[in-house]
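Comments concern the structure below.
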Amino acid sequence: LLRKVDMRQHSVNFDILREAGGLYRKSVELCKNRAEALDHVISECTIVDFVSFYYLYVRLNEPFAFATLSRCTNIVELDLSKMRGIPLHALHSLLGLCAKVEILDLSYCYQVTDETMSIVQCTMSDTLYKLNLTGCHKLTGNTMLVLASFRKLRWLSAAECDQVSTSAYGNFAARCPANLEFVDLSHSVGNQRQINDDAVCTLARRLGLNLRAIILAQCLNISDTALQQLGKSCTNLEVLNISRSYDVADRNVTDKGVAAIAKNGHLVDANLSFCTRLTDRTLQSLTKSPKLKFVNLDGCKRISSRDRERFVAAMPAVKILPSLL
């Protein structure tokens with residue numbers, strides 16, 4: 001019965017779950033040694049199954065309480081990605097018990113709110129170093145302020161959090177955890193509330209040498225100004241993603257912006273797709289990054305196939321898109 005319940009669905013059949021809980025309870029009542037077997041199942045099952053057991057604990061308490069609460073207090077990595085079917089009250093209760101979590105993935109949990117993040121702050125602010133909030137579209141600027149308290153945070157994705165305002169990004173940039181190494185602030189296509197040059201410049205100055213990867217896909221308000229500050233302050237930057245979609249070509253980024261980052265020599269991965277003002281000069285500047293392994297130039301129409309052939313000849317270890325025929 002538990003296998004029929006999928007918390008990743010919008011509509012979860014909780015009747016099935018409650019039926020399973022009733023059968024577990026009767027089983028334990030009829031044979032007491034089955035309580036130990038149940039505890040073992042709860043302590044060893046996958047996180048996906050454990051969420052179902054946690055819901056049974058919330059609804060029925062015994063015989064699920066001991067093993068469920070014990071596991072909650074020892075979870076270090078909690079992956080709830082796409083589990084949008086978890087009732088919000090159950091999610092809040094679960095997060096409030098997991099005080100040792102270091103890695104938390106709530107990506108595409110559409111039920112997540114600013115209140116959820118306040119609970120995470122209370123329980124995990126001293127332990128969390130990796131947090132994925134991609135697609136949590138109900139989050140606002142209040143959450144961005146809360147994130148400033150996560151002093152151990154090294155990895156953060158707040159991509160597609162479309163309710164966050166431009167000013168909130170600026171406030172986050174000024175107060176964010178100074179040791180962040182990976183930041184993804186990408187936007188959904190068509191979103192008008194976007195991070196801008198001022199916020200990225202502030203972020204670059206705050207993170208400095210610590211920043212290794214920044215993802216700004218679909219961030220159409222970003223220009224050479226932001227990239228030049230990244231090149232100046234974040235000289236250890238290895239991953240740059242300023243890609244756009246095929247129907248929203250970008251004209252704010254030029255060869256100068258990419259060159260400012262490439263000249264530092266640490267770039268490994270560069271996604272520049274549909275930055276339509278880039279020319280062969282960008283390829284010339286990328287040759288100054290000997291560690292480069294991947295570059296996406298899809299939609300960069302000013303860079304000809306001949307330019308790409310010369311680049312591949314100069315840097316044969318680099319995988320380039322679109323691939324040469």
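The values are calculated or read from the model by the stated rules, or taken from the named source; none is laboratory data. Small disclaimer: the values here were computed from a predicted structure and weren't measured. Heads up, the Cβs are rebuilt from the backbone with ideal geometry, glycines too, and the neighbour counts pull from every protein chain shown. Just so you know, the surface numbers come from the protein's heavy atoms only, side chains and all, with ligands and any DNA or RNA stripped out. Shrake-Rupley method; radii C 1.70, N 1.55, O 1.52, S 1.80 Å.
Would you mind giving the average projected area, over all directions, of the Cα convex hull of the stretch 277-325 in nm² with one decimal? Mind dumping the intermediate values first?
Values: hull surface 12.1 nm².
One quarter of the hull surface, i.e. the mean projection, equals 3.0 nm².
Placing a pseudo-label 7 Å from each Cα along the Cα-to-Cβ vector at Gln9 and Cys45 gives an inter-label distance of 1.7 nm.
Averaged over its residues, the chain has an accessible area of 46 Å² per residue, based on protein heavy atoms and a 1.4 Å probe.
Just to be sure I understand: if I project the alpha-carbon convex hull of the stretch 188-281 onto a plane and average over all orientations, what area do I get in nm²?
Details: hull surface 21.7 nm².
Orientation-averaged projected area of the Cα hull: 5.4 nm².
May I ask you to list the residues of the stretch 137-171 whose amide nitrogen lies under 20 Å from a point 7 Å from Cα along the Cα→beta-carbon direction of Val76? So the set is 151-156. Computed from the alpha carbon positions, the gyration tensor of the stretch 190-235 leads to an equivalent ellipsoid with semi-axes of 19, 10, 9 Å, biggest first.
Among Gln121, Leu94, Cys161, whose Cα sits farthest toward the positive end of the charge dipole of the stretch 73-195 (+1 at Cβ of Lys/Arg, -1 at Cβ of Asp/Glu, about the Cα centre)? Farthest along the dipole direction, towards plus: Gln121.
Name the residue farthest towards the positive end of the dipole of the stretch 167-325 from the options Val200, Leu286, Ile214, assuming +1 on Cβ of Lys and Arg, -1 on Cβ of Asp and Glu, about the Cα centre. Going by the charge dipole, the pick is Leu286. By the Kirkwood approach, averaging reciprocal distances over each pair of separate Cα atoms, the stretch 129-195 gets a hydrodynamic radius of 11.7 Å. Distance between the modelled labels on Glu19 and Arg151, one decimal in nanometres: 5.2 nm (7 Å Cα→Cβ projection).
Within 13 Å, Cβ to Cβ, of Ala148, how many net charges do the neighbouring residues add up to if Lys/Arg are +1 and Asp/Glu are -1?
Details: positive: Arg151, Lys152, Arg175, Arg206; negative: none.
Computed value for this residue: +4.
Quick one: order Arg310, Arg212 from most to least accessible surface, probe 1.4 Å. The partial results should precede the final answer.
Working: Arg310 135, Arg212 100 Å².
The most accessible residue leads, giving Arg310, Arg212.
In plain terms, the bigger the Kirkwood radius, the slower the diffusion; for the chain, with that radius from Cα pairs, at 4 °C and 1.567 mPa s, Stokes-Einstein puts D at 60 µm²/s. Spin-label model, Asn236/Lys263: points 7 Å from Cα along the beta carbon direction are separated by 2.2 nm. Full extension of the chain between Phe66 and Asn142 yields a length gain of 23.8 nm, computed as 0.36 nm times the residue separation minus the alpha carbon distance.
Taking 2.2 N^0.38 Å as the expected size of a compact globular protein, what ratio does the Cα radius of gyration of the stretch 1-66 give against it, to two decimals?
On the way: Rg = 11.5 Å, N = 66, 2.2 N^0.38 = 10.8 Å.
Rounded to two decimals, the normalised Rg is 1.06.
Among Ser43, Ile103, Asn61, which residue has its Cα furthest toward the positive end of the charge dipole of the chain, with +1 on Lys/Arg Cβ and -1 on Asp/Glu Cβ? So the residue furthest toward the plus end is Ile103.
The Arg34 and Ala99 beta-carbon pair, evaluated with R₀ = 35 Å, returns a calculated FRET efficiency of approximately 0.70.
Summing Cβ point charges (Lys, Arg +1; Asp, Glu -1) relative to the Cα centre of the stretch 123-222 gives a dipole of roughly 300 debye.
Can you pull the percent of the stretch 212-325's accessible area that's carbon plus sulfur, 1.4 Å probe, other chains left in place? Intermediate values should be presented prior to the final figure.
Details: 2550 of 5310 Å².
Whole-percent figure for carbon plus sulfur exposure: 48.
Taking every Cα-Cα distance in the stretch 62-161 and sorting them into 10 Å bins starting at zero, the pair-distance distribution P(r) comes out as 16, 53, 26, 5, 0 percent.
Using Cβ point charges alone (K and R +1, D and E -1), the dipole size of the chain about the Cα centre works out to roughly 780 debye. Between the C-alpha center of the stretch 260-325 and that of the stretch 31-69 there is a gap of 53 Å. Per residue, the average separation of C-alpha pairs within less than 8 Å and at least 6 apart gives the stretch 48-176 a relative contact order of 19 percent.
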